[in-house]
Amino acid sequence: SDQLHIRNFSIIAHVDHGKTTLSDRLLEATRTISEREQREQLLDSLDLEREKGITIKLKPVRMEYRAADGQLYQLNLIDTPGHVDFSYEVNRSLAACEGALLVVDASQGIEAQTLANTYLALENDLVIIPVVNKIDLPGAHPEEVAQEIETVIGIPAEDAIMASAKEGIGIAEILEAIVRRIPPPRGQRQQPARALIFDSHYDPYKGVIAYVRVVDGAFTSRDRVRFMGTGAQAETLELGIFRPAMTPLNELVAGEVGYIATGLKSVADCQVGDTITLADAPAAEPLPGYRPAKPMVFAGLYPIDSNAYPELREALERLKLNDAALSFQPESSAALGFGFRCGFLGLLHMEIVRERLEREYKLDLLITAPSVEYQVLLSDGEIVTVANPSEMPDQSRVEAIEEPVVEISVIAPVRYIGTIMELVTTRRGTFISMDYLDPTRVLLKYRMPLAEIVIDFYDQLKSRTQGYASLDYHLAGYQEADLVKLDILVNGQPVDALSLIVHRDFAYQRGRDLVERLRQLIPRQMFEVPIQAAIGSKVIARETIRALRKDVLAKCYGGDVTRKRKLLEKQKEGKKRMKMVGSVEIPQEAFMAILSLN
Ligand code: GDP
């Protein structure tokens, strides 16, 4: 179809503000999907995402819409993931569009993540159409929300469309606005073919399926293609569009959105943000903005049963097929044996990978506390990166350590400013700015070490603000800091997997809190177990786990057999997540203790 009749758009919304409901309405109104039961096929199938309250990512979908001008338009909806861990993917999805619907709940107002994504959209020159949703709610204050959008983003309040996805109000107006306000694609049909990859998935039969926006030229179902960033090449096995089911076609042309099945075995060869061109008639330049997925948070993954190491490797390899951002390499720990140091985009990504390994691959895992990646300048001038605290070189050899820092945005009601300031300060944050979005809500910006965010910052923020604050962050470079390695000794033995990097000023406090917490978490043994925190050879804190006086079974000696069996079974259950370190059993929670300090 000619580009003048194509509109590519995305929906930016905070979780629960109504993105899914609104998309349903658009699909119904354009008769792309007639029955509500078909909704399921529209949604991405990751149950985990749903459980974790992340806005579910919708599959891309093409709609046909006859506008008020009597002409038929092709509308392509490309969704953006709704979590800060995936902001690069959001950026690339937006780069595939010329416009976005900004959906804001009329009873809630704009949130940090939404605002951050809107800025990304503006940076990509997208036309923003504000949609104030849920105007049917008794607590709705749509005029104020439209005014807030004007104040914060600068789009006139009268441009906002008042809608209720639930009641079907405003849907016709939104469809017209998509055609009227969003410009058509401006690619060159005659130029060498270029397509932007904004998503992908692995299919066991067709290999990696790249989700693409064709920018210039055309692709056919028989082409040999090249990935300009990774250098990989592939035969096109099939190409087509999402309606929303994958529907094969003979060609995809400039301006269109669709998929290309590549037969590739790994998404690592076909990364989000990369440009696909034709192997025989390649474009001179890739599209701008590609960068390989870069993990920011690292943790050790160890099988509880050390025999399961090969299975863990295989599972990680399988997951990696579908997840270019996941990295892993073998490591070993004196305490935990053989495992992998894995890299993730963020904590949520880590959670998702861990749960998938356990649910889909039935692996019992022990995971160490997450760490960021440090740049360490050694006295001899060498620079090493350290993603595992136990591998931090000895202090005597270290000239300087740099850590990643992020800029965070928090949006919250004015009454929480004090508590947020306090939290950020104890996490080594520095103030950047404060802006009132309206008389009751502020946008706060700070610079903070990433390591401090990784340690349950988000949970703390939520609990201190009764859930009212929203958070977004992005990497803002590296910065030197006075950091030291804190070692933990259990029963006189250093446990490498418990080591952590902390700021010198907080080392004593963290050390004391941590040994205290470990004392609670490590079960009592038949003998007394000292727990110590040390910097180098200097012990800075100590707690003692008292010896267990009687065998647990002694209680039921000669007693009820069922009770005895139950007790034994319960112990076995508990054992699953324990690791023998020397002569002491350490449970999973202990390795994560640092995350539950205050
Ligand atoms: P998403 O997380 O942004 O995809 O949000 P959903 O579309 O799943 O909607 C979240 C909740 O808000 C659901 O319970 C919807 O039924 C409800 N909802 C969505 N739009 C409206 C609306 O216009 N009015 C009302 N009252 N509820 C709505």
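Within the range 1-43, the set of residues being open to solvent by 40 Å² or more (accessible area, probe 1.4 Å), of a type in the set (D, E) and either touching a strand residue (DSSP E or B) at 6+ places or on another chain (Cβ under 7 Å) or at pLDDT 80 or above (or both) comprises D2, D16, E28. Only a single criterion out of (1) part of a loop (DSSP other than H, G, I, E, B); (2) touching a Gly at 6+ places or on another chain (Cβ under 9 Å) is not satisfied by V484, namely (1). Report every pair of residues separated by at least 6 positions or lying on different chains whose Cβ atoms are under 7 Å apart, first residue within the range 240-255 and closer than 24 Å to E28 by Cβ, second part of a loop (DSSP other than H, G, I, E, B). Here the result reads F242/K59; F242/P60; R243/T32; P244/K59, each pair linking the range 240-255 to a residue that is part of a loop (DSSP other than H, G, I, E, B). Yes or no: A165 within 28 Å of the chain's Cα centre (by Cα) and either within 16 Å of the ligand (Cβ to nearest atom) or modelled with pLDDT of 95 or more (or both)? Considered against the rule, which asks whether it is within 28 Å of the chain's Cα centre (by Cα) and either within 16 Å of the ligand (Cβ to nearest atom) or modelled with pLDDT of 95 or more (or both), A165 comes out as yes. Taking the range 210-227 as the range and being more than 19 Å from L94 (Cα to Cα) and in contact with a Phe, Trp or Tyr (Cβ under 8 Å, 6 or more places away or on another chain) as the test, only V225 passes.
Contact map, the range 72-84: first residue over 16 Å from H14 (Cα atoms), second residue at pLDDT below 85 and not in a loop (DSSP other than H, G, I, E, B), Cβ cut-off under 8 Å, separation 6 or more or different chains; pairs are L77/L58. Screening the range 371-455 for strands (runs of 3 or more DSSP E) wholly inside it with 3 or more residues that are at pLDDT 95 or above and buried (at least 18 other Cβ atoms within 10 Å of the Cβ) returns the ranges 398-413, 441-449. A count restricted to the range 233-265 and to residues that are in a loop (DSSP other than H, G, I, E, B) and closer than 18 Å to F198 by Cβ stands at 8.
Which residues, taken from the range 9-22, are of a type outside the set (V, I, T), near the ligand (Cβ under 8 Å from one of its atoms) and at negative phi?
Kept after step one, since they are of a type outside the set (V, I, T), are these residues of the range 9-22: 9-10, 13-14, 16-19, 22.
Filter again for near the ligand (Cβ under 8 Å from one of its atoms), leaving 13-14, 16-19, 22.
Selection gives A13, H14, H17, K19, L22.
Of all residues being more than 26 Å from T80 (Cβ to Cβ) and modelled with pLDDT under 95 in the range 192-220, which is most open to solvent (accessible area, probe 1.4 Å)? Just the residue, please. Once the filter is applied, the top-ranked residue is Y205.
Do we find a residue being open to solvent by less than 10 Å² (accessible area, probe 1.4 Å) and of a type in the set (S, T, N, Q) anywhere in the range 155-173? Looking for residues that are open to solvent by less than 10 Å² (accessible area, probe 1.4 Å) and of a type in the set (S, T, N, Q), one finds at least one in the range 155-173, hence yes. In the set (1) crowded, with 20+ Cβ neighbours inside 10 Å; (2) farther than 30 Å from Y302 by Cβ, the condition left unmet by D505 is number (1). Do we find a residue being within 11 Å of the ligand (Cβ to nearest atom), over 25 Å from the mean Cα position of the chain (by Cα) and among the hydrophobic types (A, V, I, L, M, F, W, C) anywhere in the range 150-161? So far as the range 150-161 goes, no, none of its residues is within 11 Å of the ligand (Cβ to nearest atom), over 25 Å from the mean Cα position of the chain (by Cα) and among the hydrophobic types (A, V, I, L, M, F, W, C).
The values are calculated or read from the model by the stated rules, or taken from the named source; none is laboratory data. Keep in mind that this is a model prediction, so the values were computed, not measured. Cβ atoms come from the backbone with ideal geometry, glycine included; neighbour counts cover every protein chain shown. Ligands, DNA and RNA are excluded from the accessible area calculation, which covers all protein heavy atoms including side chains. Shrake-Rupley method; radii C 1.70, N 1.55, O 1.52, S 1.80 Å.
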